[in-house]
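Following: one structure in structure tokens, then a few remarks.
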Amino acid sequence: MMKRTDFTKNLFLELLDMEVHRLWLIAGSTLAGAAVAYLVAVALITPQYEASATLYVHTDHHGNSKCVGTYSVIIQSDTVLSQVAKQSELGYTAAQLAEMVTVAAVDGTEVLQITISNTNPEHAQSLANTFLSVAPGELIRVVKATAVETVSEAALPVEPISPNYPLHMLIGAIAGLLVSAGMVSLKAVLLHL
């Protein structure tokens, strides 16, 4: 009668032997998983582009972090969004722009970064730069800023920020590897039952 440890040892050695002999299946499944994940990402995920512009607001309240939050709210207000929608002439509504725009301080400074995410890189750039022309007047009007300076205009984004094709392919490859290795191992176990 075979001892339990001998059975486990023999099963492990057979699993290892089977895995080595089925390496072509495992490698092929890994590559197929990566290819399928890439194709799914290309077919189902619309690329998103980001364009960012920055500005600096001169006020008597230097160093006040609450002011930066206030500027962000003003830049994302319906008043500014409506003006940007109209001035850009790209056919977006204020509500659509609200979904595309984020405003944040750059590394805790008083420099504000206005970022637009859009499926069209030219629209992302144009909208970010339109915010630069609309926001200063509204900031000066509302917070009585002494001046608003453009630090940098938005550049045309070249690469999409999403989807992340290498990450999707890695996930697909890992899934293919796990499925194929699992199937080979399951077959070995079932043969011993």
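Observations on the structure shown:
- Here the scattering of segment 92-155 is modelled by Debye summation over its C-alpha atoms, one equal scatterer each and no solvent; at q = 0.11, 0.26, 0.30 Å⁻¹ the log10 of I(q)/I(0) is -0.27, -1.26, -1.38.
- Relative protection proxy for 108-119, 81-92, from highest mean packing down: 108-119, 81-92 (other beta-carbon atoms within 10 angstrom).
- Ordered by solvent-accessible area of protein heavy atoms (1.4 Å probe), largest first, the residues TYR49, TYR71, TYR38 come out as TYR38, TYR49, TYR71.
- Taking all protein chains together, ARG22, ARG141 sort by accessible area into ARG141, ARG22, largest first [probe 1.4 Å].
- Debye log10 I(q)/I(0) for segment 104-193, one point scatterer per Cα, at q = 0.11, 0.17, 0.24, 0.26 Å⁻¹: -0.56, -0.86, -1.18, -1.25
The values are calculated or read from the model by the stated rules, or taken from the named source; none is laboratory data. Note that the structure is predicted; figures quoted are calculated from it, not measured. Note that we place each Cβ from the backbone using ideal geometry, even for glycine, and neighbour counts take in every protein chain shown. Surface areas here come from the heavy atoms of the whole protein model, side chains and all, with no ligands, DNA or RNA. Shrake-Rupley method; radii C 1.70, N 1.55, O 1.52, S 1.80 Å.
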